[in-house]
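Beneath this line is the structure, given in structure tokens, with notes to follow.
Read-outs throughout are calculated quantities, based only on the coordinates presented, and are distinct from any laboratory measurement. All figures in this text were calculated on a predicted structure; none of them were measured in a lab. Heads up, the Cβs are rebuilt from the backbone with ideal geometry, glycines too, and the neighbour counts pull from every protein chain shown.
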Amino acid sequence: MGDGLADRGDFAERIRLQLASRYRDIEAAVNGARFAIHLAAPGLDVSLPLAPLHNDCLRRPDRAGELISSWVATIARQLTAVPLAEFAPSRLLWCVRSRSYVEDLGRGGELLTRAVGTDMVAFVSETMPGSVMRGVPSTEWEHQGMTGQAIGALADTNTSRRFDNVVRRLREPGGVPRDGWRLSGDILFQGSVVMVPDILAAFAQKAGGDVILAVPDRSVIMAIPLAAETLRSFRHRVTQAHRDAMNPCSVELLITDGASLRSHDEHGAQTRKRLPLMAWLRD
């Protein structure tokens, strides 16, 4: 076996090379954090833990080569591609989550994404029965002859339609709540309101200027006018909501002028000299 047995990284790389050599149509990659090999191909998404094999080799180093060869040969049954799922275009929505959430998904690299902020990203997902959703990998819509542009446009339309009621509520007569807005009710997609241009415009129109937004939980949106008297406590309330969240998303603050959306940290860097008294917002 050589010196590569004790080192988990070297061990994982040896396994990866053997799998790549034996199964040439499958992409093999080491997942160091989980000590596993991730195998991907059209219709295939498998993560193979290496700890059991590694422990077996450590116990019987004289047979390590034989154990590895046998393991590589016997996993073929796990590598059978499954038929590609048929998604419903009417169920495609933008789903907003933290970047770490998307990076941890088995096929996160195959999702159609849009940047939301520094720490948040939106990806195209499909709503499923029972308050469940799943990310839709590119292999599925390419199999149906669709382009990423078309998939993104469908998600735009469906997401806007899902939150028509939010636009109507924001456009109703009345002032802005003293502590801003807190929107909840959609346990999977509430954060997706930041992907709807009409909602951003309605927020800014109601506030009469820029609005700060946050998605501390996947089911909660918090927003407040930049000019609000209670702005100082907003970040603290966002942080607390994130700590209390059943399904935390991000503590990042976003800012919109009604026509665009960007990270508030970027906005702060651009306006630091012009608004020195607002430095506490960046703490």
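Kindly establish whether Ala51 is over 19 Å from Gly108 (Cβ atoms) and of a type in the set (Gly, Ala, Ser). It is true that Ala51 is over 19 Å from Gly108 (Cβ atoms) and of a type in the set (Gly, Ala, Ser).
Could you check, for segment 159-173, whether at least one of its residues is farther than 27 Å from Glu229 by Cα and touching a residue at least 60 places away in the same chain (Cβ under 8 Å)? Yes. Arg232 passes every criterion in (1) within 15 Å of Leu183 (Cβ to Cβ); (2) in contact with a helix residue (DSSP H, G or I) (Cβ under 8 Å, 6 or more places away or on another chain); (3) without any contact (Cβ under 8 Å) to a residue 60 or more places away in the chain apart from (1). When Met133, Met120 are checked against the criterion of being under 30 Å from Glu229 (Cβ atoms) and in contact with an Asp or Glu (Cβ under 9 Å, 6 or more places away or on another chain), Met120 stands alone in meeting it.
Scanning segment 118-145 for residues that are in contact with a helix residue (DSSP H, G or I) (Cβ under 8 Å, 6 or more places away or on another chain) and part of a loop (DSSP other than H, G, I, E, B) yields Thr118, Asp119, Val136.
Is one or more of the residues making up segment 212-224 hydroxyl-bearing (Ser, Thr, Tyr) and out of contact with any Pro (no Cβ under 8 Å at 6 or more places or on another chain)? Checked against the condition, which is being hydroxyl-bearing (Ser, Thr, Tyr) and out of contact with any Pro (no Cβ under 8 Å at 6 or more places or on another chain), segment 212-224 yields at least one hit. Checking each residue in segment 174-189 for being buried (at least 17 other Cβ atoms within 10 Å of the Cβ) and farther than 15 Å from Ile224 by Cα picks out Asp186, Leu188, Phe189.
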